[in-house]
Amino acid sequence: MRGPFLRLLFLVCLVPPLWAQPERPSLPDPVKFLNTFGQVANMTRAVLEEMGYAIERDDRKEGKITTRPYEFITGSLTASEVDKVAVRQDTLTGNWIKARQVIETVLEIVSPNETMVTVHANVSALNRDVDGTEEWVPLDSRGTLERRVLGRISVKLMGNDDGVRERKGFWGQKPQPVDPRRPRLPIDPAR
């Protein structure tokens, strides 16, 4: 009696992961600013340039500012870095060689003193197949890049830029002096 019950329980636990829903990106909504179109367009361009993007197209009549493709990772860590900003399709075989992103902002006039900004991030990764063929594969953005750009624009337009500084990771820190009085090796208290 116990054997068939355990087999049935095992199958019931195994079935839900097989029908798991694919991960859906969480893209941010457009943001409406109480500023004129010109102010928002100028600030959007300045923020993109400040973040290190080169502007490829600035069409004020159409209300679009687009950056050049920016390769943000190359090498063996490409897959893990892509996972932070996009949803990968694991159905592809081969290796992920590098990844790039293009940021596109769409500016819309709501009223003379109100402008709506939408940010789209187009992320793609270079996949090298086993036979040596390479192909840029478009990926679905998670919304991380869009939130980052919209947040910077908001901070700049609100005038609260004083407290915002780029956080430095371990490699961006200055070297710390070593205290010569502190022992380098742990001292055994039994000695």
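Below is a table of values for the structure above.
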{"read-out": "Residue list for region 6-32, restricted to those being modelled with pLDDT of 55 or more and either among the charged types (D, E, K, R) or within 23 Å of the chain's Cα centre (by Cα) (or both)", "value": "7, 23, 24, 25, 26, 27, 28, 29, 30, 31, 32"}
{"read-out": "Members of region 37-94 found to be under 26 Å from residue 110 (Cα atoms) and of a type in the set (Ser, Thr, Tyr), listed by number", "value": "44, 66, 67"}
{"read-out": "Residue in region 57-70 that is outside any loop (DSSP other than H, G, I, E, B), buried (at least 16 other Cβ atoms within 10 Å of the Cβ), modelled with pLDDT of 90 or more and touching a Gly at 6+ places or on another chain (Cβ under 8 Å) present", "value": "no"}
{"read-out": "Of all residues making up region 136-170, the number that are more than 17 Å from residue 32 (Cβ to Cβ) and modelled with pLDDT of 90 or more", "value": "11"}
{"read-out": "In region 71-89, the residues that are surrounded by fewer than 15 Cβ atoms within 10 Å (Cβ to Cβ) and assigned to a loop (DSSP other than H, G, I, E, B)", "value": "75, 76, 77, 89"}
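The values are calculated or read from the model by the stated rules, or taken from the named source; none is laboratory data. Not measured: the values here are computed from a predicted model. When we count neighbours, we look across all protein chains shown, and the Cβ atoms used for this are built from the backbone with ideal geometry, even at glycine.
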